[in-house]
Amino acid sequence: MHAPLLLAAGVPVKVVCERLGHASATITLTVCQHVHPGMGREAADRSAALLEG
């Protein structure tokens with residue numbers, strides 16, 4: 001169950017995907033999205049911060 005922790009720590013999804021042996025990053029994100037629901041909010045906050053400059 002280390003994938004959500006790696007994603008939350010900012011490890012690129014492609015790297016996590018390869019570590020888990022998934023065929024695509026989509027599979028990794030689909031499997032992990034329910035485990036760490038706050039990731040979507042965090043991504044939105046980071047995007048907003050980047051746009052605000």
Peptide ranges 6-12, 26-32, 42-48 listed from the most packed, as the mean C-beta count within 10 angstrom indicates: 26-32, 6-12, 42-48
Per residue, in Å², the accessible surface of the chain once ligands and nucleic acids are set aside, probe 1.4 Å: 73
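Tell me what the chain gives for mean residue ellipticity at 222 nm when only DSSP H runs of n ≥ 4 count, each as -39,500 (n - 2.57), the sum divided by the residue total, rounded to 500 deg cm²/dmol. Write down the numbers at each step before the final one.
Details: 4 runs with 37 residues, N = 53.
Calculated at 222 nm, the ellipticity per residue is -20000 deg cm²/dmol.
The values are calculated or read from the model by the stated rules, or taken from the named source; none is laboratory data. Please read these numbers as outputs of a predicted model, since none were measured by experiment. Note that each Cβ is placed from the backbone with ideal geometry, even for glycine, and that neighbours are counted across all protein chains shown. Heads up: the accessible areas ignore ligands, DNA and RNA and are worked out on the full protein's heavy atoms, side chains in. Shrake-Rupley method; radii C 1.70, N 1.55, O 1.52, S 1.80 Å.
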